[in-house]
Structure formats: structure tokens, C-alpha cells
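Report on one structure; see the data block that follows.
A short reminder: the numbers here are calculations on the coordinates, not readings from a lab. Treat the numbers as computed from the prediction; the structure is a model and nothing was measured. Every residue, glycine among them, receives a Cβ derived from its backbone with ideal geometry; neighbour counts consider all protein chains shown.
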Amino acid sequence: MYVQRLSLSATTDASGDATVYTENITGRIQSIRYVKDGTSPYDNTVDFTFTAESTGIAVLTVANVTASTTYHPVAAAAKTADGAASTLTEVGVCLANERLKLVVAQGGNAKTGSFWIVVV
């Protein structure tokens with residue numbers, strides 16, 4: 001199994017917002033870790049939204065994050081081919097050669113946060 005860890009950092013503008021992208025990703029997003037450190041970390045009201053750039057697949061949305069933490073994104077399982085309910089309740093979020101988009105809101109003026117994204 002090939003495992004990749006990507007680093008992403010975003011600095012907010014005067015409105016407390018930022019938008020940044022990873023390099024292209026192919027695989028299942030195993031985890032996203034927010035690292036609150038440095039001399040000017042995001043405010044405790046910060047919100048994060050991760051989506052796939054091309055397909056718009058929702059990966060992770062969290063609000064009012066106050067500390068470093070790790071998330072394991074999942075998506076609801078689809079129905080089976082014959083329309084019956086799936087026995088899976090959730091599945092990992094997979095991307096095929098597209099960038100992951102991070103939108104930061106309410107982070108404070110000129111604040112920076114770091115993220116580690118593990119793809120398997």
C-alpha cells in the first residue's frame with residue numbers, strides 16, 4: 001500500500017478568510033490533521049471546509065475549532081446496484097487525480113494554520 005502525507009498551510013486575509021489547494025490527489029483520504037501552532041494561530045472561531053476541486057465532493061466541514069485535532073473523513077454509503085440499501089453505513093472519501101480545496105473562515109486577521117493530509 002502506498003501512503004502519502006501532504007502538508008498544507010493557509011494564511012488568512014483581513015476578513016479572516018483563506019482558500020488554498022493541495023497538489024492533485026489520487027486515493028482515499030485517511031485523515032486530515034489541523035495543527036494549531038506558531039506565533040499567530042487561527043482564532044478559536046475558525047471554520048474549515050474541504051471539498052474536491054473538480055467534482056465538488058464534500059470531504060470535511062468543521063466549525064469553531066479551538067485546538068489541534070485529527071479528523072477521519074467519511075461519506076455516506078450509496079445504495080447497491082439494484083437499489084437496495086447498502087450494508088455499509090459509511091465509506092472513505094476517494095479522489096481521482098484532483099486537488100483538495102480548503103476554505104478557511106473566521107480565522108482572524110493574518111493568522112496561519114497547518115494541515116497534514118494522509119492519503120492511502
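The table below gives the values:
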| item | result |
| --- | --- |
| T66 versus N44: modelled label distance in nm, points set 7 Å from Cα along the beta carbon direction | 0.5 nm |
| Two-site label geometry, A58 and V91: point separation in nm, points 7 Å out along Cα→Cβ | 1.8 nm |
| Per-selection Kirkwood Rh - segment 4-119 (Cα, Å, 1 d.p.) | 14.9 Å |
| Theoretical FRET efficiency, 1/(1+(r/R0)^6), r = Cβ-Cβ of N24 and S114, R0 30 Å, to 0.05 | 0.90 |
| The chain - percent relative contact order, Cα under 8 Å, separation 6 or more | 51 percent |
| Local electrostatic count at R5 - Lys and Arg +1, Asp and Glu -1, tallied over other residues with Cβ under 15 Å | +1 |
